[in-house]
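Where a number appears in this text, it was derived from the coordinates with a stated rule and is not lab data. Being a predicted model, the structure only gives us computed values, none of them experimental. With ideal geometry, Cβ positions are generated from the backbone for all residues, glycine too; neighbour counts draw on all protein chains shown.
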Amino acid sequence: MPARLILNADDFGLTRGINRAIGELAAAHAITSATLMAAGPALDDAVAVAQAHPALGVGCHIVLTDGVPVSAPESIPSLLDADCKSFRPSLHNFLLALFLGRIREEEVAREAQAQIEKLQRAGIAVTHIDTHKHTHMFPSIARPLLQVAERCGVRAIRNPFEPAWTLALHQGDWKRQQAVRLMGTLRPRFNALSQIHGRSVLTPDGTVAISATGQMDQATLAQILRALPATGTYELCCHPGYNDSDLDRVTTRLRAHRDIEREALLREVPLIFGRRASATLVHYGNLAAPSRNS
């Protein structure tokens, strides 16, 4: 089977500027997929953008850190910070609690289901799930999420591990490269989970550009796209947007670079895939139907 690539924009619903960028990229066929934050400040606007671009696959960007829950806070106490209202503010704090055994899997499932069902009630046909900060790389997070995906009729999940062929490009700073390589040691446990092993929930062969997050300019994107293997299914994870006043009001480390990624996608994707028929651009809803284009 020729290579397939999912071009997925994260943080849909975080700001109107991010939503605007995703709509523009979808119209230009420069992305095929986006993941929507159920508690995002610009959720209603994102739903309208998604409805205006029906060819865009839309997943649920499940947030378990650095945000606010959809569930009643008293129903998920192990996921919350000291204020008992919001999630822990950083990945470091989340991982510390996870390693100390303070996060309960049933509460992860409860909150994930609430987020997915909120999008479904808004009219979104959820194509897949992924997580903010890739927290589902850990089995104790992936396990309840996969159970919820099956329960909610969601047939796909992001593979949170970067493949060897993009790691060999040595993108991103050395600290992030080392962190991504360390994350990769969890891949066998992810692949062994019953829904992944049995393919009741589908996943690509890997996600590219994780190590390049925050540094993916036009040259970096072009290098990734030109290195795409002749076979296999991969996701390219990106964070396009507009660095505007709305973005100033939210917590994110990706600011000016959202403009850079937006411009890189607009320029490079049509240029490379306009002449490369051997690779098919798809979204997660196409994974079970190899012959269909997005």
Taking Cα pairs under 8 Å and at least six residues apart, what relative contact order does the chain come out at, in percent? 25
Expected vector for the range 200-211, Karplus 3J(HN,Hα) from phi with 6.51, -1.76, 1.60 and θ = phi - 60°, integer Hz, x for Gly and Pro, equals 6, 10, 8, 8, x, 7, x, 10, 9, 6, 5, 5
Lys/Arg Cβ at +1, Asp/Glu Cβ at -1, dipole of the chain taken about the Cα centre: which of 195, 128, 96 is farthest positive-ward? 195
Can you give me the long-range amide H partners of residue 57? Hydrogens built in the peptide plane at 1.01 Å from N, cutoff under 5 Å, separation of 5 or more residues or another chain. 33, 34
Whole-number percent relative contact order across the range 113-214, with pairs defined as alpha carbons under 8 Å at least 6 apart: 33
Pull out a ≥ b ≥ c, the square roots of the eigenvalues of the alpha-carbon gyration tensor of the range 78-191, then state rounded if a/c is under 1.5, prolate if not and a/b is larger than b/c, and oblate in the remaining case. oblate
Between residue 86 and residues 5 or more places away or on another chain, the pairs with built amide H atoms under 5 Å apart involve 81
To the nearest 20 debye, what charge dipole does the chain have about its Cα centre, counting +1 at the Cβ of each Lys and Arg and -1 at the Cβ of each Asp and Glu? 720
Using only C-alpha positions, report the orientation-averaged shadow area of the convex hull of the chain, nm², one decimal. 13.7
What share of the DSSP beta bridges in the chain is antiparallel, in percent to the nearest 5? 10
Using mean Cβ contacts within 10 Å as the protection proxy, how do 149-156, 130-137, 3-10 order, highest first? 3-10, 130-137, 149-156
Could you work out the helix-only [θ] at 222 nm for the chain, with each DSSP H run of four or more residues adding -39,500 (n - 2.57) and the total divided by the number of residues, to the nearest 500 deg cm²/dmol? -11500 deg cm²/dmol
Pairs of Cα atoms under 8 Å, at least six residues apart: use those to get the relative contact order of the range 127-275, whole percent. 22
So what's the gap between the Cα centers of the range 31-95 and the range 133-186, to the nearest angstrom? 18
